[in-house]
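Here the structure is laid out as structure tokens; the discussion comes afterwards.
Nothing in this text is a laboratory measurement; each read-out follows from the coordinates by a stated rule. No experiment lies behind these values; they were computed from the predicted model shown. Note: ideal-geometry Cβ built from the backbone for every residue, glycine included; neighbour counts use all protein chains shown.
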Amino acid sequence: MGAIHYYEKERVFKLDTPHTSYLIGIVDEEKFLGHIYYGAKITDYDVRALMRTGEAPFVPSQNNRDRSSFLDAFPMEYPGHGVGDYRESAISVSDKNGNTAVQPLYREHKIYAGKPGLPGLPATFGSEEECETLEIVLADEVLDLTVTLYYTAFYDVDVITRSVRVTNHAKEPVYLTKVFSTALDLDAEDYRMLTLHGSWARERQIEYRQIGYGKQSVGSCRGESSHQEHPFVALVSANAGQEQGRVYGFHFVYSGNFLAQVEKNQFDSLRVVLGIHPQDFKWELKQDETFTAPEVVMTYSDAGLGRMTRTLHDLYRKHLIRSPYKDRERPVLINNWEATYFDFDTEKLLAIAREAKKSGIEMLVMDDGWFGHRNDDNTSLGDWQVNEQKITGGLKRLVDQVNEIGLKFGIWFEPEMISPDSELYRTHPDWAIALPGRMPCRSRNQYVLDLSRKEVRDYAYECVASILRSANIAYVKWDMNRQLTDLGSGVLPVEKQGELLHRYVLGVYELQERLITEFPQLLLENCSGGGARFDPGMLYYSPQIWCSDDTDAIERLKIQEGTALLYPLSAIGAHVSDCPNHTVGRVTPFETRGNVALAGTFGYELDVTKLPEEDWAKIPGQVALYHKYHALIRSGDYYRIASYSQNDSFDCYEVVAKDQSEALITFVQVLGRPNVHSRRIRIPGLDEKKKYRVETTGEVYCGDTLLHAGLNVPAMWGDFQSALIHLSEVPDEQ
Ligand code: GLA
């Protein structure tokens, strides 16, 4: 039995996932498409009354004199523009007359098994056995424009995805000035808005706010998803916590500009919209051309934030990440960035590799500074030739030597950029994004390549690919260290300049698709000045993303909490680094740095040849912990037990195996406290009937005891202390 049904007599669509339902209705002779319900699973489909069409002001066929009252209050499934609904529209245009109005009305639909891909865009996927798709074609007869709404309901996760395709059938071109990927009208009730904000070195901090009348939003106009705001918004009921309360989550599978907005109107209804930010967006559609708006993931949980988190983790692990590494142990790497910055050569790297090998590390990653004459960040981006003064004898020789030592080799690139001081810029100054007559704004002394141009993409691709073809390279860190300004392309015609930002993002996707197609076994890690492009779009290409340039274990608690709210731990790039920490100057115990990095991909970012002996001696034990727990951490269910960002005192989270046979709890005490006893924590997610052994103490408890009564974590002496608590199932006969 499918997940999607159309009830013809009632003109109602019903989409079901394991615990949720989503209902859409066609209304009136004019065939307005209305939103009926989204939330916990329900049985009935004829709940059209929820759309209030039986109440004043009634539908236009019964009361056309108050048409605007209808349009401005009706729960629209995909609201048009400029014809009576004053709330935020989902789509607007500039047509041949210079007018902006659009009114998409129902024309036809189809329902089928599986899920189509989105051309040129990342998207979740599922087989015909895993999901079902509904396409609803809306039409604006005056513009001769169709708007096709795509909905996919998954059978195994409580997710409905949406995306939109707009096709112009008219002879004259039409310009799209806004195409959101989702719109949802709900009754307001008592929701708060949950978003993630940040900055360089403090990405994805959790924020709640009350929803007031009018519009409140987060967004990015920086050309990437950004450090500052995240392409995500949730509505969270007043009583919601980790395991209770109602939560609607909306996550955008896109890596460029976005707007996520909640609007509360005069009737206390909410309209949520999410999609490409309309600022600086204008897309020309000639006759028969189609624009595809990226996908939005929607999930509803009536069991708190925790269920939303676990749903998204499952969705991304099963239906978004494609890398062969997604279910595989990642090599424990050591990256030389914080160890040497630009000051390295073959000898230094080999010394690090030898020492790393002794401690069990499995891969050396050579970061920024190996090409052109780049000895600082002022030069050479675009000149991707190995600097043989530093890498004597060439790259292949270095890679072979590292391989002989017994380590894999990885390398850093920043392919989207161009330094003013580069051969590339001297040859092709017009390849940089810039405005005519204006000196382009520099950031980190670099410009951004115009990836809307095919020859630029081909050049950037060949630079990366030819290096990868030249040596045995197992891993690439793909960086992007500045945001876009001066939005001008040297080749796009006047009427297409407004396409640059989206074409840039499509260019990045094309490059990464080519890379993983030619090098299917490559482990790709995306990065953007730390975590400025940590989004579901990039996750489609790389199974892991560098989470933040802030590697301090305590700062990471908040950053990783916000990141893990949405993303599986297997995607979160996390390393143990040196102290005093290079970003905040904090000194934390080596164990705590290791314990915090375990909730991610795990690796090192320090000079292992200079490490204090007592720290060095701890690496083999940490690597062993990684080997012991990687499968659990990568595939288990994540539970947030306590949050340092909320309690200012300690952090605690847990990963439980899918079969509930084991669990790993991480406890971090941030500041030591005087005169206290141990701290009680209750352990969620276990099988209440099973028995579990606490590895450190040998004590055995029932799952229900651990869940309801909990465990005492002994008081700790000192700041920044931490403990790992491993529970494993004790078979019945013992
Ligand atoms: C960015 C990355 C760092 C490092 C530097 C190199 O900031 O986030 O990890 O690679 O670039 O310039």
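In the range 520-555, the qualifying residues are those that are in contact with an Asp or Glu (Cβ under 6 Å, 6 or more places away or on another chain) and more than 10 Å from the ligand (Cβ to nearest atom), and the one that is farthest from His313 (Cα to Cα) is Arg533. Annotation note: Cβ proximity below 7 Å between a residue of the range 239-260 that is within 22 Å of Tyr653 (Cβ to Cβ) and a residue that is among the aliphatic types (A, V, I, L, M) and part of a loop (DSSP other than H, G, I, E, B) (sequence gap 6+ or interchain) occurs for Val247/Ala240; His251/Leu566. Is it true that some residue in the range 658-673 is within 19 Å of Glu243 (Cα to Cα) and not in a strand (DSSP E or B)? Yes, the conditions are met somewhere in the range 658-673.
Taking the criterion of being farther than 15 Å from Leu606 by Cβ and within 16 Å of the ligand (Cβ to nearest atom), the only residue of the range 324-359 that qualifies is Phe342.
Being within 18 Å of Val670 (Cβ to Cβ) and either over 29 Å from the mean Cα position of the chain (by Cα) or away from the ligand (no atom under 14 Å from the Cβ) (or both) narrows it down to one residue among Gly585, Gly621; which is it?
Numbers: Gly621 fails: within 18 Å of Val670 (Cβ to Cβ).
After ruling out the rest, the residue left standing is Gly585.
Annotation note: Cβ proximity below 7 Å between a residue of the range 665-686 that is touching a residue at least 60 places away in the same chain (Cβ under 8 Å) and a residue that is assigned to a loop (DSSP other than H, G, I, E, B) and of a type in the set (Ser, Thr, Tyr) (sequence gap 6+ or interchain) occurs for Val670/Ser649.
If you check Ser163, Ser199 for being under 20 Å from Val272 (Cβ atoms), out of contact with any helix residue (DSSP H, G or I) (no Cβ under 7 Å at 6 or more places or on another chain) and among the hydroxyl-bearing types (Ser, Thr, Tyr), only one passes: Ser163. Please verify whether Thr292 is crowded, with 19+ Cβ neighbours inside 10 Å, of a type outside the set (Lys, Arg) and over 23 Å from Gln560 (Cα atoms), treating the condition exactly as stated. Yes.
I need the full set of residues from the range 373-408 which are within 16 Å of the ligand (Cβ to nearest atom) and farther than 20 Å from Glu462 by Cβ, in order please.
Correct list: His373, Asn375, Asp376, Asp377, Asn378, Thr379, Lys390.
Among all positions in the range 294-315, there is no residue which is in a loop (DSSP other than H, G, I, E, B), under 16 Å from Asp535 (Cα atoms) and within 15 Å of the chain's Cα centre (by Cα). The criterion of at least 1 residues that are among the polar types (S, T, N, Q) and closer than 20 Å to Thr299 by Cα is met, among strands (runs of 3 or more DSSP E) falling completely within the range 205-269, by 214-220, 258-264. Would you confirm whether any residue within the range 501-519 is away from the ligand (no atom under 16 Å from the Cβ), of a type in the set (Lys, Arg), over 23 Å from Glu462 (Cβ atoms) and part of a helix (DSSP H, G or I)? Checked the range 501-519: no residue is away from the ligand (no atom under 16 Å from the Cβ), of a type in the set (Lys, Arg), over 23 Å from Glu462 (Cβ atoms) and part of a helix (DSSP H, G or I).
Of the residues in the range 596-606, not one is outside any loop (DSSP other than H, G, I, E, B), more than 24 Å from Lys477 (Cβ to Cβ), touching a residue at least 24 places away in the same chain (Cβ under 8 Å) and away from the ligand (no atom under 16 Å from the Cβ).
Can you pull out every residue in the range 360-372 that is away from the ligand (no atom under 16 Å from the Cβ) and part of a strand (DSSP E or B)?
So in the range 360-372, the residues away from the ligand (no atom under 16 Å from the Cβ) come out as 360-362.
Within the range 360-372, none qualify.
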